[in-house]
Amino acid sequence: MKLCDTIWQIEMRMIKEREIIEKVYLAIEKASFSLEPHIRKLIYDARRMEKSIYGKEVLNAIVENIKIAEEKKIPLCQDTGMVVLFFEIGSGTKIEFERFKSLQELVDFAVKSAYTDFYLRKSVVSVPDRKNTMDNTPSILWCESIPGDSIRFSVLIKGFGSENTSRLKMFLPSTEPDEIVEFVADCVKKAGANPCPPVFIGIGMGGTAEKAMYLSKKALVDIGRKKRFDMAYLEKKIISRLNQLGIGPGGLGGTFTCLDARIRTFPTHIAGFPVAVSISCWAHRMHQGII
Amino acid sequence: MKKIITPLEQKIINELVAGEFVEISGLIYGARDAAHKILFEMLKSKKNLPFDLRNQTIYYVGPTPAPPGKIIGSCGPTTSSRMDRYTPDLLRAGLKGMIGKGIRSDDVRKAIVKYGAVYFITYGGCGAYLSQFVKKSEAIAFCELGPEAIYRMVVENFPAIVGIDSKGRGIYSF
C-alpha cells in the first residue's frame, strides 16, 4: 500500500441514530424544567444584592418560579421556544442513518417527541401563512466539523420575547470598543422589559453579517463556561455598562439588568466590522452533551 | 397588597395607581397575537365575538398544554406591545383590563385614559409560578390555533402590578 493511501484507512466511529435522539431528547427535557447551576447562582446572587423594591420582588418571583418548575415539573416559561442546536461533529465519526435521511430529520424527531411527551408548547408556525406545525419542528440546526471522534452538541431553548430584540450593525472598520459597548447598551435599553431582564448577552464580532449573528447566538451557550482571556475585559465593561442603565429585573428598575455577557469573534473584511447582539431572558435554558 | 375582582368595576379601576401591587381574582380571558388579529377583524366587520368583551380582562398568554389531571401548564405573560395595534379598538368595544409585560404605545396609553381602563403587568418568564394561581382554564375559541386559542380562565390572588392606570400614568421609567 502506498503511504498516501493509508490516510483513507482510518477507522470511523459509528454513531447510531438512537444515541443522538436520546441525548437531544433528554437535553430538551432538562433545559425546559431546570436551569444550570451557574445560571441559577447568578440569579440567586442578584436577588441577594438587588436594592430596588420592584427588582427584588421580581427576583423573588423568579426564584419561586425556578423552585416550582423543578418540583412540580412545570416548564420554567410558557414560551418553550424554538430549539436551536449547535452540533460539532468530530471528523472521525460517522452517523449510521437507517430510519432518517438527514441529521435535521433525526434531531427534529427528538424535538417532536420531547415537545409531545413533556407537554411543552408548540410555538413554531409556517411562513408566510403562519400555520402551527403542531410539533415545534423544524428546529434550528447548525453543524460544524471539528477534529476528534465524538459529537458535541448544545441545545438552546430560545424564547422569542428576547429573540425579537436581537440586532445586527455593520460598523466601520475604525470603530472603537467603546462604540460597541454603547451599541449593546442601546440594544438592551430599547428592549426594556420585553426580553425579561435580568438578561444574558451573546455578542458576535467579525465575519460577515450572518456569521456575526451566528456567533452572537453561539456566544450565549458559552455563558458560565470557558472565558476567553482576551475578551474578558470587554465583556466586563459591557456588563457594568448595562447594569448602569437602571432597567433592572422585569424592567421595573434596579441594578441587575444583565447577569453575564460573552463575546465570540471571527476575522472580517478590511472594509467592515459586523457586530451582532443576541439576548437571552433570565430563564437561559440550555444543555450540552457529548455523544 | 390590594385585592381586586374581575370583571372590573369602574370605581375600582379609577382607584388603581401605577406601581401598586395587586392580586386579581375572578374571570379573565387568555388571548395573544393570532386571536387578537381575528378579534380585531371581527370587530371591524361587526361580527359577534366569541365572548362579550365588555368589562372583561384579557391576559396576554399562550400556555403550555396541561398534562392529564392538571388545570393548566406554564402560563406567564407575553410581550404586550405586539398587541398594541389592536388594543384601542378592543378598548372601544368595552375591554377594561389587560395583563402582560413591557411598555405600551402612546396610542394604547391614550385609549386607556379615554375608555377608563387599566393595564397590569406581571412577572415575565414566571409561567410555572403564575400557573399556581389559575384555578380553571378552558379553550373557548379558535382552538385550531393551538397555544394561540382564546382561553377562559379563573384566577385566584393572581399577582400583578398596575402598569398603566386610568389616568395614563405608567410604571416604566425609561
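Pairs of Cα atoms under 8 Å, at least six residues apart: use those to get the relative contact order of the range A:159-284, whole percent. Worked out over the range A:159-284, it gives 45 percent.
Send over a whole-number figure in Å² for the accessible area per residue of the range B:2-164, probe 1.4 Å.
Working: 6270 Å² over 163 residues.
The answer is 38 Å² per residue.
Most mobile of B:ALA128, B:ALA149, B:ALA117 per a Gaussian network model of chain B (Cα springs, under 10 Å)? Top of the fluctuation ranking is B:ALA128.
Unpaired cysteine residues in chain A (no second Cys Cβ under 4.7 Å): A:CYS4, A:CYS77, A:CYS143, A:CYS187, A:CYS258.
Shown here are the Rg and Dmax of the Cα trace of the range A:159-284, at 13.3, 42 Å.
For A:MET14, what charge total do you get from the other residues with a beta carbon under 13 Å from its beta carbon, if Lys and Arg give +1 and Asp and Glu give -1? Taking every Cβ under 13 Å from that of A:MET14, the sum is -2. The lysines within cross-link reach of A:LYS211, meaning a Cα-to-Cα straight distance under 22 Å and a gap of 8 or more places when in the same chain, are A:LYS158, A:LYS169, A:LYS226, A:LYS227. Residues whose amide H comes within less than 5 Å of that of A:THR165, counting only those at least five positions distant or on another chain, are absent (H built at 1.01 Å from N in the peptide plane).
Across chain B, the relative contact order, built from alpha-carbon pairs under 8 Å that are at least six residues apart, equals 31 percent. Restricting to the protein assembly as shown, what percent of DSSP beta bridges are antiparallel, rounded to 5? Given both bridge residues lie in the protein assembly as shown, the antiparallel proportion sits at roughly 55 percent. Its relative contact order, with pairs defined as Cα atoms under 8 Å and 6+ residues apart, puts chain A at 26 percent. The magnitude of the dipole of the range B:2-164, with charges of +1 and -1 set on the Cβ of Lys/Arg and Asp/Glu and taken from the Cα centre, is near 260 debye. Panel values: the protein assembly as shown, Kirkwood radius from alpha carbon pairs, Stokes-Einstein at 10 °C and 1.306 mPa s, translational diffusion coefficient 68 µm²/s.
A cut-off under 9 angstrom between Cβ atoms defines the neighbours of B:GLY168, and their net charge, with Lys, Arg +1 and Asp, Glu -1, is +3. With a 1.4 Å probe rolled over the protein heavy atoms of all chains, the accessible area of A:MET49, A:MET170, B:MET1 falls in the order B:MET1, A:MET170, A:MET49, largest first. Computed over the range B:2-164, the Cα gyration tensor eigenvalues convert (square root of 5λ each) into semi-axes of 22, 20, 14 Å, ordered from largest to smallest.
Convex hull volume of the Cα atoms of the range A:65-127, normalised per residue: 145 Å³.
The values are calculated or read from the model by the stated rules, or taken from the named source; none is laboratory data. As the structure is a prediction and not an experimental result, all values here were calculated from the model. Heads up, the Cβs are rebuilt from the backbone with ideal geometry, glycines too, and the neighbour counts pull from every protein chain shown. Areas reflect the complete protein model, heavy atoms only, side chains present, ligands, DNA and RNA absent. Shrake-Rupley method; radii C 1.70, N 1.55, O 1.52, S 1.80 Å.
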